Structures are given as structure tokens and as C-alpha cells.
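Here the structure is laid out as C-alpha cells; the discussion comes afterwards.
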Amino acid sequence: MRDSYGAPSNHLPIPSSPPFSSPQAPPSTTIAIMSQFRAKKLDIGGYVNIRNIRDHTKRKVFAENEPERNALRYIIRNTTLPQRVRAQAQLELSKMHCYTRFTQVKNRCIMGGRGRGIFSDFRMGRFQFRLNALAGNLPGVKKASW
């Protein structure tokens, strides 16, 4: 067998179907599950990529479900209530979607989508913060001098 340059190739031909079939859901089902909370029209004001869209969705879902989660957590921690009620609240809390947890929210740069080195007050990465501060786009921020 020869490669595209005419030299002999030691590679084996790639089979058209995988030898082992795994019982996974079709991709369309997975995508439908992932986007069940996503709004039809996005109201993101910055850089748009899939990570920012997902983070925005997680923030909105968390804000919508926060009172319910706090109520369930209060019931679970209240020792004066019967054990059955507390166990039922624990079961309901564990059945809630993972996007309703605050730990799923990640600070991302709204200008570039970066996930590290974020100033949480401005929701910007270090470099974007520097560029915007020097350009005068951030009110109350100026370069330090002493």
C-alpha cells in the first residue's frame, strides 16, 4: 500500500465501521438533553462560544432554582422534622439537575471566553481587563502610579 506521495506505507487501512459497538445514545439525543435549559434567543452581551453559552445557561438555571434548593436544604438540615420528611427532601434534592448547583457555575471572560485569570468583579480575563482599563472603557479604573 502506498501513501499520497507514492512511498510505501506501513499503515493498515481504517475500517469503515468500528469492530466493537457500544450501547451509547445517538448524538441527537445527547444534544437535546444538554440544551434543555438553553434559551431560544441568547441574551449574552459579550463573546459567544459554546463555553460562554453553557456558563450563561448554568447561571440562569441556578438563579431560577436557587429558592427551591435552599428550601430543600433547610428541610434536610432541620433536625426537628421527622426523618421521613428529611429523607424525602434529600431524594428530591438529589433528583434535581446538576445545572441547579452553584458549583457548576464558572467565572469566564465575557470578552474572550477564557476560564482562568478572571477578575470576577468585571468578569474579564487579565489581558482583556488591561486593554479595556488602558482604553478607558472601565469606569473608576486607572493605571496605578506611586
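Since every read-out is calculated from the coordinates, none of them should be taken as a lab result. Note that this is a predicted model, so its numbers are computed, not measured. Neighbour counts run over all protein chains shown; Cβ positions are idealised from the backbone, glycine included.
Kindly state, to the nearest 0.05, the FRET efficiency for Phe122 paired with Ala71, given R0 = 35 Å and r defined as their beta-carbon distance. After rounding to 0.05, the efficiency reads 0.60. Considering the zone a paramagnetic label at Lys60 would reach in this model (a point 7 Å from Cα along the Cα-to-Cβ line), which residues of segment 87-103 have amide N under 18 Å from it? Only 97-102 pass the distance filter. Distance between the pseudo-spin-label points of Ala135 and Thr80 (7 Å out from Cα toward the beta carbon): 5.6 nm.
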